[in-house]
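Just so it is clear, none of the values below were taken in a lab; they were calculated from the coordinates. In this text the structure is predicted, and so the values were computed from the model without any measurement. So basically every Cβ, Gly included, is an ideal-geometry build from the backbone, and we count neighbours across all protein chains shown.
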Amino acid sequence: MKVPFVTFGPLQQELDSELRGAFERVYDRSWYIEGVEDEAFEKAFAKYCHTDYCVGVGNGLDSLMLALKALGVGEGDEVIVPSNTYIATALAVTYVGAKPVFVEPDINTFNIDPNRIEAAVTEKTKAIMPVHLYGQACDMDPIMEIARKHGLYVVEDCAQAHGATYKGRVIGSFGDAAGFSFYPGKNLGALGDAGATTTNSKELADKIRALGNYGSDYKYHHIYQGNNSRLDELQAAFLAAKLPHLEKVNENRRATADKYLSGINNPEVILPVVPDYAVPVWHIFGIRCKRRDELEKHLNDLGISTNKHYPIPMHLQGCYSDLGYSEGDFPIAEEISKTELSLPMYYGMTDEEIQYVIDGINSFK
Ligand SMILES: *Cc1c(COP(=O)(O)O)cnc(C)c1O
């Protein structure tokens with residue numbers, strides 16, 4: 001049997017007529033940028049996240065970068081980011097000219113450890129960027145408390161966690177702003193690149209929209225040196241068609257995760273931990289194993305595709321060599337990079353496929 005790491009097949013089959021209908025609606029209207037589809041999706045997604053505003057942008061990286069820029073974070077500022085995340089979180093910081101300051105995660109949840117944040121705060125710190133990694137919410141109460149105490153902005157990176165909750169409240173409304181990616185493989189994915197920033201501040205929303213539209217607040221009036229990052233009509237229409245099904249998608253992923261959690265019993269494997277405060281949406285189901293690369297080969301030989309998130313921590317990436325870090329500086333992130341293995345996870349996985357993965361892991365000696 002072959003089990004892919006991810007496939008869009010089952011969901012696309014279910015939504016076939018809705019997605020084709022979305023395409024035809026936009027095509028027949030022949031209006032492709034800044035229109036009614038974008039407006040409708042922004043409204044629906046803001047409602048889903050319980051925020052007052054949502055601004056559609058070109059991708060997830062821009063959703064974070066534009067939020068930081070709109071908050072005035074830039075040259076000479078420091079931003080706290082987890083040492084274990086996708087590179088885009090740090091790139092958003094360096095794009096605006098600020099310096100990323102890495103804070104280690106909790107090895108059990110993979111998310112930024114709130115107990116380690118305060119030690120990283122300096123006079124230059126402007127913001128904290130909690131990343132709800134792998135689809136599980138960060139411990140937001142202590143993070144917000146530290147931010148309040150030190151007067152820091154909070155920009156949530158929600159790229160992997162559409163619909164995840166913290167103490168019953170959906171993520172994306174805790175901080176000053178939150179960035180979402182709708183990259184096709186994300187829990188809510190477009191049919192191309194897309195992103196959005198949510199916020200409760202009208203001023204911030206207006207500024208982010210202007211920044212992503214050549215810095216223009218009114219046609220041919222440019223009040224900022226902006227860039228071009230807009231959510232196009234076609235992607236907005238696809239996203240609006242898929243949003244009403246997001247809860248079902250997340251529920252299905254949770255059911256798969258529950259089967260993994262109760263079925264995998266290989267003592268070599270450490271399963272992901274879900275704290276009481278979190279209901280995850282399992283963008284990634286990451287296990288840990290000391291002999292990760294052998295386990296990976298064992299599963300791949302059985303026809304099971306896997307992935308690693310992420311094989312090289314950010315402080316050891318070539319693009320950040322100028323930050324002067326070396327091996328050993330962030331041992332928890334490094335441990336995760338050497339031991340984490342991501343299992344197949346997608347909407348519509350069959351019981352047979354799930355059991356095949358479980359049996360594959362349990363047969364690893
Ligand atoms: C995917 C991702 C991003 C970036 O999103 P893009 O749409 O690919 O630009 C940012 N942060 C995290 C944690 C991600 O997983």
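As a rough footprinting exposure proxy, the listed residues V81, V101, V55, V36 were ranked by other beta carbons within 10 Å of their own, and the order from fewest upward is V36, V101, V81, V55. Farthest towards the positive end of the charge dipole of the chain, among the residues P100, M345, Y27, is the Cα of Y27, using unit charges on the Cβ of Lys, Arg, Asp and Glu. Using 1/(1 + (r/R0)^6) with R0 = 51 angstrom and r between the beta carbons of S17 and D329, what's the FRET efficiency to the nearest 0.05? The value I calculate is 0.45. Sorting S342, S216, S63, S30 by the number of Cβ atoms found within 10 Å of their own Cβ, with the fewest placed first, yields S30, S216, S342, S63.
Counting only lysines at least 8 places from K259 when in the same chain, those with an alpha carbon closer than 18 Å to its own are K248.
Positive-end ranking of L91, A257, I358 along the dipole of the chain, with charges on Cβ about the Cα centre, is headed by A257. Sites listed here are chymotrypsin sites (Phe, Trp or Tyr not before Pro) in segment 213-246 whose DSSP assignment is loop and whose Cβ has at most 12 other Cβ atoms within 10 Å: Y220.
Ellipticity at 222 nm from helices only: DSSP H runs of n ≥ 4 in the chain, each -39500 (n - 2.57), divided by the residue count, give -11000 deg cm²/dmol.
Comparing G172, G212, G151 in a Gaussian network model of the chain (Cα springs below 10 Å), the most mobile by mean-square fluctuation is G151. Once a ≥ b ≥ c are taken as the square roots of the eigenvalues of the Cα gyration tensor of segment 116-212, is the result rounded (a/c under 1.5), prolate (a/b larger than b/c) or oblate (a/b not larger than b/c)? Oblate shape, in that a/c is at least 1.5 and b/c is the bigger or equal ratio. Within the listed set I270, I128, I284, the residue fluctuating most in the Gaussian network model of the chain (springs between alpha-carbon atoms under 10 angstrom) is I270. The charge dipole of segment 251-343, taken about the Cα centre with unit charges on the Cβ atoms of Lys, Arg (+1) and Asp, Glu (-1), comes to about 320 debye, rounded to the nearest 20. Site pair Y214 and E75 shows an inter-label distance of 2.6 nm when each label is modelled 7 Å from Cα along Cα→Cβ.
For a straight C-alpha distance cut-off of 18 angstrom, the lysines reachable from K365 (same-chain residues fewer than eight places away being disregarded) are K290, K297. Taking a ≥ b ≥ c as the square roots of the Cα gyration tensor eigenvalues, with a/c under 1.5 meaning rounded and otherwise prolate when a/b beats b/c, else oblate, which class fits segment 284-365? Judged from the Cα gyration tensor, segment 284-365 comes out prolate (a/c at least 1.5, a/b above b/c). When the chain is treated as a Gaussian network with alpha carbon springs shorter than 10 Å, the biggest mean-square fluctuation among G76, G318, G185 belongs to G318. Counting only lysines at least 8 places from K202 when in the same chain, those with an alpha carbon closer than 29 Å to its own are K43, K47, K69, K99, K124, K126, K149, K167, K186, K219, K242.
Would you work out if the chain is rounded, prolate or oblate? Take a ≥ b ≥ c from the square roots of the eigenvalues of the alpha-carbon gyration tensor; rounded if a/c is under 1.5, else prolate when a/b is larger than b/c, oblate otherwise. Please list the in-between numbers first.
Values: a/c = 1.93, a/b = 1.17, b/c = 1.65.
Oblate shape, in that a/c is at least 1.5 and b/c is the bigger or equal ratio.
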